[in-house]
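Heads up: the structure comes next, in structure tokens.
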Amino acid sequence: MKYALVYVLVFLGLNHLVRAQMLLPGRATGSAFIGMAYTQPTGQFRETYPSGRGKGGTFGFTVRPMAGTAPVELGATFSYLPIGIEKQPVGTGSNAYKVKTTHSLIPMHALVRLKPRRLTFATPYLDGLAGITVFNSRTKIKEDFFTSLRDEDPIVVGKQTSTVINYGLAAGVSFALNTRKSFYADLRLVYLESPLATYVKKGDVLVDQNGNATYRYSRSETRLFMFQLNLMGILKSLED
């Protein structure tokens with residue numbers, strides 16, 4: 001719930017920022033985007049973790065170091081991709097409760113984008129990416145409805161986090177949604193090349209009768225593809 005709220009707030013902020021600039025006559029100085037993402041493991045990662053597909057959200061931005069004078073933009077992207085949730089019962093009778101483990105991928109990358117200086121109805125681009133992906137498995141006592149409404153801190157009984165350096169390429173096409181070319185629908189395909197990483201797969205969390213969690217670890221290369229569908233807003237300078 002709280003992650004969905006973050007994305008809604010980011011979207012509203014992007015919408016307000018771009019609308020405030022829609023009538024400006026200046027050149028494009030960059031962009032900001034937010035959207036949905038789907039990831040699919042490939043290679044050894046897929047063999048080791050065939051169910052390691054993730055669905056979530058992404059957002060990012062780009063800026064032109066020299067506004068309007070070069071087809072190069074610099075920026076960053078961030079995604080949050082849950083790749084599995086498992087719930088396990090603990091105890092019996094009136095003392096029974098459940099623990100919940102959420103497995104997620106969190107890619108964070110700097111980017112260099114090659115993009116035509118002139119925006120058209122369909123604008124292609126190519127990205128070079130470098131950064132990290134965080135593998136996160138977090139086990140907590142499952143909250144009931146009223147506890148989540150009170151926004152109380154969850155009781156975490158175990159967690160495992162690992163970080164792997166990765167790099168890759170992305171290619172995309174942006175389609176104008178209005179005549180001012182201030183909003184675009186953006187289709188983006190990402191490939192990330194990663195070395196060996198240690199992570200916990202869905203189904204490899206063991207919870208004993210006391211509610212304590214232990215993990216079985218897997219290790220493999222972690223190459224993946226990610227497909228994104230974004231709403232992109234174009235940022236403009238104040239002058240021609």
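Some notes on this structure:
- If you filter the range 189-239 down to residues that are part of a loop (DSSP other than H, G, I, E, B) and in contact with a helix residue (DSSP H, G or I) (Cβ under 7 Å, 6 or more places away or on another chain), you find that the one that is nearest to Glu86 (Cα to Cα) is Thr222.
- Qualifying residue in the range 163-178 (condition: in contact with a helix residue (DSSP H, G or I) (Cβ under 6 Å, 6 or more places away or on another chain) and among the small types (Gly, Ala, Ser)): no
- Residue match in the range 85-102 (condition: at positive phi and either under 21 Å from the mean Cα position of the chain (by Cα) or surrounded by 14 or more Cβ atoms within 10 Å (Cβ to Cβ) (or both)): no
- Conditions (1) at pLDDT 95 or above; (2) out of contact with any Gly (no Cβ under 8 Å at 6 or more places or on another chain): number failed by Thr77: (2)
- Here Glu143 qualifies as modelled with pLDDT under 95, surrounded by 13 or more Cβ atoms within 10 Å (Cβ to Cβ), more than 23 Å from the chain's Cα centre (by Cα) and of a type in the set (Asp, Glu).
- Positions within the range 92-121 being without any contact (Cβ under 8 Å) to a residue 12 or more places away in the chain and not in a helix (DSSP H, G or I), in sequence order: Thr92, Ala96, Arg118
- In the range 210-239, the qualifying residues are those that are small (Gly, Ala, Ser) and touching an Asp or Glu at 6+ places or on another chain (Cβ under 9 Å), and the one that is surrounded by the most Cβ atoms within 10 Å (Cβ to Cβ) is Ser220.
The values are calculated or read from the model by the stated rules, or taken from the named source; none is laboratory data. Here the structure is a predicted model, which is why all the values come from computation and not from measurement. Don't worry about glycine lacking a Cβ; one is built from the backbone with ideal geometry, like all the others, and counts go over all protein chains shown.
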